[in-house]
Amino acid sequence: MNGKTVSGVILAGGLGRRMGGVDKGLQMLQGRPLVAWVIERLAPQVGELLINANRNGARYAAFGHALVPDRIPDFAGPLAGLHAALSVARHPLVASVPCDSPFLPTDLVARLLSALAASGAQLAVAHCGARVQPVFCLCHRAVLPSLGEYLAGGGRRIDRWQASMPVVEVRFDDQPEAFANINTGQELRHFAPLSSDFPP
């Protein structure tokens, strides 16, 4: 398998509470919405790109990729976005990334895919420094029933669900800056003058 057998989903369906309730993916970084930066990096790595969004559908659709709203009500978090993507993806594997990490690795999918194939696991997750990055993951569509049951039972924590699955962690210690995420207006202002320093 290669990246063309993977559907990618950008998770932009949250409420952006730490940013004052704004639609985070549409906030501007150097004159471009955050989601545009993520599309630029993820789209070349996958055979299909989906955008999970629950607000401002027309604005997200204008980027030219399929829009996938949550099927679970009440803004249930990133797992609800992954669940929606797994339900409609055309490919046997789905890679997820958040909309607020504009500098994500350009080899993210390739490295997750390699580890997944070598391990025989159902899910591969990025790990950088001392932290697991659970939203940066690659999984088989076969995990959909398990995820559906977890969400139906009220589960929302992505790390807890992943821990219940055969999972492999993939080190990205060589790219610590790639997982910088923007959760607040202050962080957005901090990264604006630095964004040109990140590799294309």
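The values are calculated or read from the model by the stated rules, or taken from the named source; none is laboratory data. Every value quoted in this text rests on a predicted model; they were computed, and no experiment measured them. Reconstructed Cβ throughout: ideal geometry from the backbone, glycine too, with neighbour counts over all protein chains shown.
Structure notes:
- For segment 97-142, filtering for residues that are among the hydroxyl-bearing types (Ser, Thr, Tyr) and in contact with a helix residue (DSSP H, G or I) (Cβ under 8 Å, 6 or more places away or on another chain) leaves 2.
- Taking the criterion of being crowded, with 20+ Cβ neighbours inside 10 Å and polar (S, T, N, Q), the residues of segment 123-177 that qualify are GLN133, GLN162.
- Residue match in segment 145-153 (condition: at pLDDT 85 or above, polar (S, T, N, Q) and closer than 20 Å to PRO105 by Cα): no
- Pair list, Cβ under 8 Å, 6 or more apart: segment 137-157 residue over 21 Å from ALA126 (Cβ atoms) and assigned to a helix (DSSP H, G or I), other residue modelled with pLDDT under 95 and of a type in the set (Val, Ile, Thr): LEU151/ILE72
- Hits in segment 112-126 (condition: over 13 Å from ALA163 (Cα atoms), under 14 Å from the mean Cα position of the chain (by Cα) and not in a helix (DSSP H, G or I)): ALA126
- Among the criteria (1) closer than 17 Å to GLU48 by Cα; (2) at pLDDT below 95, the one ARG71 does not fulfil is (1).
- Out of GLY16, GLY8, one residue alone is touching a helix residue (DSSP H, G or I) at 6+ places or on another chain (Cβ under 9 Å) and modelled with pLDDT of 95 or more. It is GLY8.
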